[in-house]
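The structure under discussion appears below in the form of structure tokens.
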Amino acid sequence: MLKYPCLILDHDDTVVDSTRTVHYPCFVEYVSRYFPSYSCTLEEYFTYNFDPGVVPFFRDIVGMSEEEMLHEQNYWNEYARRHVPHAYPGIKEILEKQKREGGKICVVSHSYRENILRDYRENNLPEPDMVFGWECPPPQRKPSPWPVEQIRKAYGFQPEEMLVLDDLKPGYDMARAAGVPFAAAGWANSIEKIRSFMKQNCDMYFSTVQELSDYLK
């Protein structure tokens, strides 16, 4: 029997190693062209995406206007279409077991649905049952509980039958607002601010994919 019949997964830095290999290089390329007075390290990029989140980061820290954020969004989407991140070792086996035993795999991410599905195909991962990406209207994106509520309505799960797995605070906030268990994916980075918050506040914290796999057995 599955410990959680429904896994609600973040995508970037939870299932695929994408910030380090795709999103940060894209950001560096973009700001060097359009905001040459701004720069940040990979660690700072991770931290700002954790808190305050991507939109306040771009608006309040980088200094982008609404129009400039739309431009960056289009630039990022085109870049992401040309660069496929690799799934973390061990993720494929977890997802295959989930599907094999009759469970559901849902994705709630700040990436676009088309890129998420492409990454699943290219990494030979089982196709998700539902995907909620950046194409959702802003009030329906993480940290809104709306995606979790839609999954519950579609399949009739009780809160304790669902597990949200995410590496960043918006996923934690979404799970808390929806009243479902939350597990932190800690394998993308070792930044103390992120690790400390997640360990202190989350129901579970996993430093490695293997730790998650062992827990779900």
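Once the piece of chain linking Met1 and Leu70 is laid out straight, how much longer is it, given 0.36 nm per residue of separation minus the C-alpha distance between them?
20.4 nm
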At 0.36 nm per residue, and after removing the present C-alpha to C-alpha distance, how many nm does the segment from Glu149 to Ile61 gain when stretched out fully?
28.5 nm
In the stretch 68-217, lysine pairs 8 or more places apart or on different chains with C-alpha atoms under 15 Å apart total 8
First check a/c for the chain, with a ≥ b ≥ c the square roots of the eigenvalues of its C-alpha gyration tensor; if it is under 1.5, answer rounded, and if not, answer prolate when a/b is larger than b/c or oblate otherwise.
prolate
Counting only residues 5 or more apart in sequence or on a different chain, those whose built amide H sits under 5 Å from that of Trp134 are Ser111, Tyr112, Arg113
Cα centroid distance between the stretch 30-88 and the stretch 159-192, in Å?
22 Å
Just check the stretch 19-82 against the gyration tensor rule for me: Cα atoms, a ≥ b ≥ c as the square roots of the eigenvalues, rounded for a/c under 1.5, and otherwise prolate or oblate depending on whether a/b exceeds b/c.
rounded
So what is the calculated 222 nm ellipticity per residue for the chain, using -39500 (n - 2.57) for each DSSP H run with n of 4 or more, over all residues, to the nearest 500 deg cm²/dmol?
-13000 deg cm²/dmol
Between Pro143, Ser196, Phe132, whose Cα lies farthest towards the positive end of the dipole of the chain when Lys and Arg beta carbons carry +1 and Asp and Glu beta carbons carry -1, centred on the Cα centre?
Phe132
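None of the figures in this text is laboratory data; all of them are computed from the coordinates on show. What you see is a predicted model; the values in this text were computed from it and never measured. So basically every Cβ, Gly included, is an ideal-geometry build from the backbone, and we count neighbours across all protein chains shown.
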